[in-house]
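Data block below; observations after.
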Amino acid sequence: MLFVSCGPTPSEKAAQQISRAEMLLSQGDTAKAVGSLDSIATTYPEAVAQIKQAGEMKKRIFVAELITLRANRDSLDEQIQKLSKNFTTKKGEFDEYMQYIPKRQTVNRSWARSFIQVHLDASGRIYLSSNYYGDKWLNHVAIRVYDGKLHARTDSVPLNDVNNHHSEFLDKKWEQVSYKDGKSDDVIKFIAEHTDLKLKAVFLGKRYYYIVLETFDKEAVKNAYDLSLVLKAKNSLDKKIKSLEAKVKETN
């Protein structure tokens with residue numbers, strides 16, 4: 001007598017895969033749950049009913065995630081609106097993103113002084129520039145901000161770099177050095193974390209030039225730093241939301 005033992009059918013195996021996805025989901029492992037559901041169509045193409053069930057389950061997962069992410073985005077939008085009150089905004093012809101300008105660091109308020117300026121755009125990109133206005137050239141390439149033993153320094157920007165700018169106006173010398181691409185990140189964080197200190201700055205060049213940071217300049221850096229973090233978080237969230245919305249459409 002010949003005995004033939006039959007294993008689970010493809011539909012039964014696919015059903016087991018769905019049960020595994022439900023277990024993973026209950027454990028909070030959404031990524032693995034979705035991966036388990038995705039594999040059903042390729043591993044068990046005959047299990048039509050289970051493939052449809054997996055698709056519906058994925059859609060529910062994505063919609064639930066979308067609801068959470070959209071709520072988080074609304075919260076970030078509220079924070080951005082609150083922090084933006086410290087800035088004016090503009091977008092020039094050649095600007096890719098909206099620019100946030102601290103209200104106390106506008107051109108009208110700052111053109112004839114030496115100070116540290118913060119620059120921020122809607123993508124969350126942030127950097128500092130050092131602005132010198134005086135009688136003699138400094139030819140500076142970096143700045144150091146300090147109080148006692150505490151200090152932070154930017155990377156150097158050579159004199160022949162496009163971000164090291166010189167000009168003259170009414171017999172006065174004007175230098176602006178922009179520390180882009182992370183060259184001023186340490187100094188930004190340092191100022192933001194020590195606005196309560198009487199911070200000084202030295203412009204480092206062929207001649208040294210010292211200033212005491214104004215309270216409103218320190219606050220401008222902190223406000224821009226805080227807003228930068230929220231803008232980056234929102235932009236990252238927007239990308240996730242857009243990706244999820246596309247996945248929901250795919251499951252329709």
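A few remarks follow.
- Summed residue charge, Cβ within 12 Å of Lys240's Cβ, Lys/Arg positive, Asp/Glu negative: +3
- Rough spin-label spacing in nm, given labels placed 7 Å along Cα→Cβ, for Leu69 and Ser243: 0.7 nm
- Cβ-defined net charge surrounding Tyr100, 12 Å radius [Lys, Arg +1; Asp, Glu -1]: +2
- Rounded if a/c under 1.5, otherwise prolate or oblate - the range 87-235, Cα gyration tensor axes: oblate
- Under the Debye formula (equal points on every Cα, no solvent term), log10 I(q)/I(0) of the chain at q = 0.13 Å⁻¹: -0.85
- Over the range 10-82: Rg over Rh, Cα atoms, Kirkwood Rh: 1.19
- Applying both filters, DSSP loop and at most 10 other Cβ atoms within 10 Å, to the chymotrypsin sites (Phe, Trp or Tyr not before Pro) of the range 54-139 gives Phe94.
- Listed peptides 209-220, 157-168, 25-36 appear in the order 209-220, 25-36, 157-168 once ranked by packing, highest mean of other Cβ atoms within 10 Å at the front.
- Using a Förster distance of 45 Å, the FRET efficiency for Val48-Ser123 (Cβ separation, nearest 0.05): 0.50
Just so you know, all these numbers are worked out from the coordinates, no wet-lab data involved. In this text the structure is predicted, and so the values were computed from the model without any measurement. So basically every Cβ, Gly included, is an ideal-geometry build from the backbone, and we count neighbours across all protein chains shown.
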